[in-house]
Each structure stands twice: as structure tokens, then as C-alpha cells.
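Worksheet for the structure shown next.
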Amino acid sequence: MKDKLEKYIIANKQEFDDYQLEEVDKLKLWSHISEGLPEQSKPVIPLWRKPVFKIAASLIILLGCAFTLIMNNNNDYKNSIVNEELYEIDIYYKSLVNNQIQLIKNNPNLSIIDQEDFLLLVDDLDNEYIKLKKELKAGINNQKIIEAIINNYRKKIQLMEDLLERSYPTKTNFDEGELIL
């Protein structure tokens, strides 16, 4: 049979060389050939069953957990520094503010209405302080927020000092020719 095929190919060699198949014809021919072929399943190599890959996967998971814990501890450390700094600032400025508030409340030269109006203004600044503290907990740009908290306290104290200065009557001493405020 092989000889007959060889003789046929040699006899018709010119026709085989001249005949051009279109792309569509090639696809049709291949589809007929592939239908006749038995399907071969590709062998699947389950990597997850090998101990080396189990160990590698475990190490990756452990490293990921360790990295996450380290990052959280680092953030906690930064937050503890910020909280400690804020705590010291709060103690210092709250003592100054409370002292000034007592002076305002005990000042005989200020009317009760003036005191209440001023304390309402201080309450507004306290509300601003609470908002700043909430922003500080978010952890975004802590240094600027702490500076804003300090400025808030300084504003309170300055307003209180101004009110107290305006509330005291001016003393005059005409003997020395000076005016004391």
C-alpha cells in the first residue's frame, strides 16, 4: 500500500506543488482531522499536595500575618506618642484655662450676663477642640492637628486675659504724673 501511495505522489507531484489551499479550506480540513483524533486530557499536577508547596504557602501566610502585626504595632506606637503628647498639652492648658475661668467667675467687675456670654464663646472653642480630637484619632496629619489644638487653647486664654484686663478699672496716680493700666 505504501508503494501505491508513493507512486501516486511522484506521478502527481506537480499538481501538489501548484495547488493552493485557502485559509478556510485549511480550517475545514483540520476540523475533520481533529474530529477523528482521540481526546487526550492534559495531565494535572496538583502542586498543593506536595509538602514543599504546603510549607511555602504556610510561610507566606505567616510572613503576611507578621507584617500586618508589625504595621499595626508601629501605628499603635505612633498613636501612643501622639496621645502622650496630647495628654501633656491637655493637662498644661486645661489648668491655665480653668484658672482663667475661675478668675472670670469670681471677678466682681463683670456682670453675670457678660460672664455667661463669654463662657458661651469658650464653649464654642471647646466644641472645636472636640472636633480636632476626633480628627486626631483618624491619624491624618497629627502634627498639624496638635498645633491647631494648641492654638485653640491659646485663643481661649488670650480671650480670657483680654476680658479680665478690660474688666478691671484703670488706676490713676496723679501725684507721679503716670497712668497705670
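In percent, what relative contact order does the chain have, based on Cα pairs under 8 Å that are 6 or more apart in sequence?
Value for the chain: 17 percent.
The stretch between D17 and I91 holds 16.7 nm of extra length on full extension. This uses 0.36 nm per residue minus the Cα-Cα distance.
In loop segments of the range 1-37 as defined by DSSP, the chymotrypsin sites (Phe, Trp or Tyr not before Pro) with at most 13 further C-beta atoms inside 10 Å of their C-beta are Y19. Per-residue extension of 0.36 nm, minus the Cα-Cα distance of D124 and W30, leaves a gain of 25.5 nm for this segment. Lys and Arg at +1, Asp and Glu at -1: add these up for the other residues within a Cβ distance under 14 Å of A57 and post the number. After counting each charged neighbour, the total is +3.
Rounded to the nearest 0.05, the FRET efficiency derived from the C-beta distance between I101 and K131 at R0 = 25 Å is 0.75. Kirkwood analysis of the chain, using all unique Cα-Cα pairs, places the hydrodynamic radius at 26.2 Å.
Beyond 19 Å in Cα-Cα separation lie the following of the pairs K2/K28; K105/K131; K131/K155; K94/K155; K4/K28; K7/K28: K2/K28; K105/K131; K4/K28; K7/K28. The modelled label-to-label distance between K4 and C65, using points 7 Å beyond Cα along the C-beta direction, is 7.4 nm. Between N109 and K144, the contour length at 0.36 nm per residue exceeds the Cα-Cα span by 8.8 nm. When peptides 151-157, 52-58, 86-92, 37-43 are sorted by average Cβ neighbour count within 10 Å, with the highest value leading, the order is 151-157, 86-92, 52-58, 37-43.
Any read-out appearing in this document is the output of simple, stated calculations on the displayed coordinates, not a laboratory observation. Everything numeric here is computed off the predicted structure, so don't read it as measured data. For neighbour counting, all protein chains shown are included, and Cβ atoms are generated from backbone atoms with ideal geometry for every residue, glycine included.
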